[in-house]
Amino acid sequence: MVGARIMKRLVSSLLLGAGLFVGGCAVNTLNTDPEVRGLSGQISPQRLTDPASGSEVVLSQGNQLILELRSNPTTGYMWSVLSGADTGVMSLVSEDYIGDDNPRGMVGVGGQTVFVFNADQVGETTLSLGYARSGSTPDDALDIHVSVIPR
């Protein structure tokens, strides 16, 4: 009699455990959230420092390109964007000059001109930049071929 009760409780416990296990493996048919795979979150900007003319870069849409170019505005020369940032594929976000460390306070120390571009639309463009004195023809030119792919 005691053995039958124990056996009944054991079988009941096993059946209850099996039912909970099978129920936990069931698919939630009420979940309508889409499954998202691939890239998520923020993509780090791509940085090019003094690239060679003709360089190629591939960016995901929404990503940024940071272009760092050696320059020295005390000589009268400055980098400027000649074309490619107005095509709808890429846009110029900012342009800044960052001087090199100058602990002795010397005049004429160079630095870097930093351009930040945003990859706005899928497509291809060529960013053309020139290094020239104001009102002069560029003495140095730089072309960067950019392909923007879907994110």
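The values are calculated or read from the model by the stated rules, or taken from the named source; none is laboratory data. No experiment lies behind these values; they were computed from the predicted model shown. Cβ placement follows ideal geometry from the backbone for every residue including glycine, while neighbour counts extend to all protein chains displayed.
A quick yes/no check of all residues on (1) more than 17 Å from residue 56 (Cα to Cα); (2) loosely packed, with under 13 Cβ neighbours inside 10 Å:
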| residue | (1), (2) |
| --- | --- |
| 72 | yes, no |
| 96 | yes, yes |
| 104 | yes, yes |
| 111 | yes, no |
| 116 | no, no |
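Of all strands (runs of 3 or more DSSP E) completely enclosed by the stretch 52-133, which ones contain at least 2 residues that are of a type in the set (Val, Ile, Thr)?
Where strands (runs of 3 or more DSSP E) fall fully within the stretch 52-133 and carry at least 2 residues being of a type in the set (Val, Ile, Thr), they are 55-60, 90-99, 111-119, 123-133.
Of the conditions (1) part of a strand (DSSP E or B); (2) without any contact (Cβ under 8 Å) to a residue 60 or more places away in the chain, residue 143 fails just one. Which one is it?
All conditions are met except number (2).
For the list (1) exposed (fewer than 15 other Cβ atoms within 10 Å of the Cβ); (2) among the hydrophobic types (A, V, I, L, M, F, W, C); (3) at pLDDT 95 or above, I need the number of the one condition that residue 65 fails.
Failed condition: (1).
Pull up the stretch 131-151, narrow it to residues that are crowded, with 16+ Cβ neighbours inside 10 Å and closer than 19 Å to residue 47 by Cα, then point me to the one that is farthest from the chain's Cα centre (by Cα).
Applying the filter and picking the extreme gives 142.
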